[in-house]
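Sharing a structure here in C-alpha cells format.
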Amino acid sequence: MPQYKFEAIDPTGKEIKDIIEAATEDDAQATIRQMGYHVTRIAQYKERKLKGAAKRNDGKTFSFGRVSSSKLTTFTRQLSILQDAGLPILRSLNILMNQAPPGALRNALIDTVSEIESGSSLSEAMAKSPKAFNRLYINMVKAGEAGGALEVILNRLSEFLERSEHLKRKIKAALTYPVAVVFFALAILTGIMLWIVPSFIKIFEDFETDLPAMTVLLMNISNWVVNYWYMIPIIPILIWLTIKLTTSFEYGRHGWHLFLLKVPIFGQLFEKTTVARTTRTLGTLVTSGVPILEAIHITRETSDNAVFEELYQHVLEAIRDGDTIANPMKQYSIPPFHFGALIYAFIFIPVAGALIYLMKLRNKILDDMVINMVDVGEETGELDTMLYKVADTFDAEVEALTEALMSLLEPLLVIFLGAMVGFIVIALFMPLVKLITSLSS
C-alpha cells in the first residue's frame, strides 16, 4: 500500500509531520482529518537511496552559529536573479555555492545541493539546514514549488528580507553613537576615580580639613571604584546572564518581553518593530499562497516576542473555530497582568518602574488602525495588501521614532556628561578653595 508523507496542525496549533499508509491520497487526507489534524501538505512518500556522491562533505569547513541575515538576504537576491534568468535550480545553487566564502552558508549550500541530487525538492533540502533557512523561508519556497512560481516567490522573499535588513541596519546605526559615547564616558570617569581623585584625597587628608558633602560622596565613590574596580565589567555581565537565565523559561521570557513593550519611549520602538515584522511576514506568506493556518503558525514562531506569540496563538485557535482574524486580534490586543513583567520593571526602573507598568497595564499592543485594516482586508479579500500597508506604515513610524530618539539622546548625553564632569570639578575644588582661603588668612 502506498505511503504518504504529510504535514498538519493539531488542535493546539502544533505542527505534525508523519507518514501514513492509504490506498489513495484522498483516503490519506480523510484519515488525517479523522485524527483531528488540519492537513497543510501531503505527498506520496518514496524511499530514496542516496548516491555515493550525494552526501559529499568536500568543501565543508568548520563553522559556528547561524547564517547571518545579511548573507542570507544577499544569497536570496542572487538566487532570485538566477531563477529569473531561467537557469535550473541545481545549477543556480552550484554557482552560488562555488562563489560563497567558507562558512555556515557554504556548508548549508553543499548539503542542499547534495539533497537535491539525491532526489529531494528544494524546500525539503533547505529544511535539512535549519541554521541557514528558517520555517518562513522554507514554507515560502514550498509554496513557490507547489504553485510553479518559484522565481516569483524568491523575488518576494528577497524583498521581504531586504526590507527587514534595512530596518535592522537603521536601528543599529542609530544606536551606535550613544552606545559608543556612554562606553567612552564610563571609561574616562573610571580613570578619574582610579587615579585622579585618590591624589586629591591624599591632599585633603594631610590638611585634616572639614570636607563638603559633595566631596565626601565623591571620595566614597572613588574608594569603591579603587577597591572593587573589577565589579564594573562583572555587573553588566551578571545582569545579562540573569536575563538569559530567567528568559530560558517560558514564564520569564513572557514577562521580559512584556516589560520591554511597557518601557517608556523604547517600548513603542519594540512594539512598532514587532508589528511591522509580523504583519509583513503574514502578508508575504498569504501572497505566496501558504494556507492561512500555516501562515499564522509561522508568523507566531518568527515573531521573536512571547507576547505576540500568545496573541497569534489565540488568532490561530479562533480561525480553527471559524472566526475571523480581526476579532481575536481585537479581543486579545491588551495583554493580561503578568507578575514577571512587574518584577522586571521594579528591578530595572527603580522606584517608578512598578508604577509605570501599572499605568500602562491597559495599553494595547495592536492599534485599532491595525485591527481595522485587517478587518477590511478580510471583508474585501485583500488581506495581503492591507497587511503590507500596515507593515509599510509601521516601518515608516519606526524610522521616524528612531530619528526622534537619536535627536533627543544627543543633548541628553551632553547634559549627563556635563553634569558628571561638573560634579567632579566642584567636589574637588570646593575644599581646595577653602584650603587656599584659610592659608591666606
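Long-range amide H contacts for Q3: which residues qualify at under 5 Å (H placed 1.01 Å from N, peptide plane, sequence gap of 5 or more or a different chain)?
Y45
Lysines near K434 by alpha-carbon distance under 24 Å, same-chain residues fewer than 8 away left out - which ones?
K202
Let me ask something additional. Of V181, V290, how do they rank once you tally other Cβ atoms within 10 Å and put the fewest first? Please report the intermediate quantities before stating the final value.
On the way: V181 16, V290 26.
Ascending number of Cβ neighbours within 10 Å: V181, V290.
Students often forget the sequence filter, so: which lysines lie under 30 Å Cα-Cα from K5 once same-chain residues fewer than 8 apart are removed?
In chain and number order, the partners are K14, K17, K46, K49, K51, K55, K128, K131, K142.
What are the radius of gyration and Dmax of the stretch 303-441, computed over its Cα atoms and given in Å?
25.5, 92
I would also like to ask the following. Each label point is 7 Å from the Cα along the Cα-to-Cβ direction; what then is the distance between the points at M214 and S199, in nm?
2.1
Using 0.36 nm per residue of separation minus the Cα-Cα distance, give me the extension gain between N98 and T380 in nm, one decimal. Can you show the working numbers first?
Numbers: separation 282, 0.36 × 282 = 101.52 nm, distance 4.67 nm.
Full extension of this stretch gives 96.9 nm more.
Give me M219, M430, M369 sorted ascending by neighbouring Cβ count inside 10 Å, so fewest comes first. Numbers along the way, then the final one.
Numbers: M219 20, M430 15, M369 12.
The order, fewest Cβ neighbours first, is M369, M430, M219.
Then there's this: What's log10 of I(q)/I(0) for the stretch 69-163 at q = 0.11, 0.24 Å⁻¹, Debye sum over Cα points only, no solvent?
Results for the stretch 69-163 at q = 0.11, 0.24 Å⁻¹ read -0.26, -1.53.
Based on Cα coordinates alone, diagonalise the gyration tensor for the chain, multiply each eigenvalue by 5, take square roots, and list the semi-axes in whole Å, largest first.
Working: eigenvalues 605, 151, 79 Å².
Ellipsoid half-lengths, sorted descending, are 55, 27, 20 Å.
Over every pair of different alpha-carbon atoms in the stretch 377-441, take the mean of 1/r and invert it; report that Kirkwood radius in Å. Walk me through the numbers before you get to the answer.
Working: mean 1/r = 0.0595 Å⁻¹.
Roughly 16.8 Å, rounded to one decimal.
Let me have the relative contact order for the stretch 162-315, percent, based on Cα pairs under 8 Å that are six or more residues apart.
Details: 64 pairs, mean separation 23.2, N = 154.
Once normalised by length, the contact order is 15 percent.
Using only the Cα atoms of the stretch 333-372, what semi-axes does the equivalent ellipsoid have when each is the square root of 5 times a gyration tensor eigenvalue? Give whole Å, largest first. Mind dumping the intermediate values first?
Numbers: eigenvalues 115, 18, 10 Å².
Semi-axis lengths for the stretch 333-372 are 24, 10, 7 Å.
Pairs of Cα atoms under 8 Å, at least six residues apart: use those to get the relative contact order of the chain, whole percent.
Details: 483 pairs, mean separation 62.2, N = 441.
It rounds to 14 percent for the chain.
Then there is this: How high is the relative contact order of the stretch 169-416? Use alpha-carbon pairs under 8 Å, at least six apart in sequence, and give a whole percent.
24 percent.
While we're here: To the nearest whole percent, what portion of all C-alpha pairs in the stretch 278-362 is separated by more than 21 angstrom? Don't skip to the end; give the middle numbers.
Working: 1475 of 3570 pairs.
I get 41 percent for the Cα pairs in the stretch 278-362 exceeding 21 Å.
Could I ask something else about it? Full extension from A43 to E145: what is 0.36 nm times the residue separation minus their Cα-Cα distance, to one decimal in nm?
35.4 nm
Further, regarding this structure: For the stretch 3-44, go through all pairs of different Cα atoms, get the mean of 1/r, take its inverse, and jot down that Kirkwood value in Å. Intermediate results must be reported in sequence, preceding the final value.
Numbers: mean 1/r = 0.1006 Å⁻¹.
Value: 9.9 Å, from the Cα pair sum.
Give me the Kirkwood hydrodynamic radius of the stretch 169-416 in Å, from all C-alpha pairs, to one decimal place?
In the stretch 169-416 this quantity evaluates to 21.4 Å.
Cross-link partners among lysines for K272, C-alpha distance below 21 Å, same-chain residues fewer than 8 apart left out?
Answer for K272, where 21 Å is the Cα cut-off: K168, K170, K172, K262, K330, K360, K364, K389, listed by chain and number.
Every read-out reported here was derived from the displayed coordinates using simple, explicitly stated rules and does not represent laboratory data. Values in this document were obtained by computation on a predicted structure and should not be read as measured data. Glycine gets a Cβ as well: all are built from the backbone with ideal geometry, and neighbour counts include every protein chain shown.
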